[in-house]
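The values are calculated or read from the model by the stated rules, or taken from the named source; none is laboratory data. Because the structure is predicted, anything quoted here is derived from the model rather than measured. Glycine also receives a Cβ, built like all others from the backbone with ideal geometry; neighbour counts cover every protein chain displayed. For the accessible areas, the whole protein counts, side chains as well, though only heavy atoms, and no ligand, DNA or RNA atoms are used. Shrake-Rupley method; radii C 1.70, N 1.55, O 1.52, S 1.80 Å.
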Amino acid sequence: LAEELAHPELPGLLRQFLFDLDLQSEVSSADVPLSQCPYVCGKLSVYRSTTAYFCAPNESSGTGSMHQQIFRCNPSWRRSYRRFDTVLIQAGAEDTDEPLDGMLVGRIVSLLRVRSEHATYPCAVVEWFVPVDDSPDEASGLWILEPEKEAGRRAIGIVHVDSIVRPVHLIGEY
């Protein structure tokens, strides 16, 4: 999978993801050597889409304000083009002074089910986008984002599917 996604750091990121969820330690996986992070048990299950169900009490549509959203990451959507949905990810406390109120923006490149010794986790491999400024653009009121890069390549991360809040649309700069 790391070869298919062209991200050789993926196995290490999976181990760090398992460390953060399995051990629920005060210490972050970024602060410990990779050798102390658990291994993935068995095979990875790879999916091209997932469905999220959520309640939006301020939006009355359907029964009890329930909504459904499908997130896709398909390299050959309808056999003609690639489709990788972009999403908002809850990463910190809401209503903070941080850009995007503690949310992160990522493009889903793969959906996985990862097994450790203790549990099985649904997760998403995402390519990160970061705000250009600390506030939205004055003229449009929209955030201006750019792909996050590490050593000249797109930065990726792994998040639990439950941390995905909703899809977002990115508009290209013309």
Ala155 long-range amide H proximity, modeled H, under 5 Å: Trp128, Glu148, Lys149, Glu150
Cα gyration tensor shape of segment 69-174, rounded if a/c is under 1.5, else prolate or oblate by comparing a/b with b/c: oblate
FRET efficiency, 1/(1 + (r/R0)^6) with R0 22 Å, evaluated for Ser45 and Asp162 via beta carbons: 0.85
Mean Cβ count within 10 Å, highest first, over the residues of peptides 65-72, 14-21: 14-21, 65-72
Distant-in-sequence amide H partners of Ser110 (H built 1.01 Å from N, under 5 Å): Val125
Value of [θ]222 nm, deg cm²/dmol, for the chain, DSSP H segments ≥ 4, -39500 (n - 2.57) each, nearest 500: -2000 deg cm²/dmol
Inter-label distance, nm, simple model (7 Å from Cα along the C-beta direction), Gln24/Glu150: 2.6 nm
Accessible-area composition of the chain, carbon plus sulfur, in percent [1.4 Å probe]: 48 percent
Label point distance in nm, Val32-Ser65, each placed 7 Å from Cα along Cα→Cβ: 3.9 nm
Projected label distance in nm at Ala119 and Arg79, using a 7 Å step from Cα toward the beta-carbon: 4.1 nm
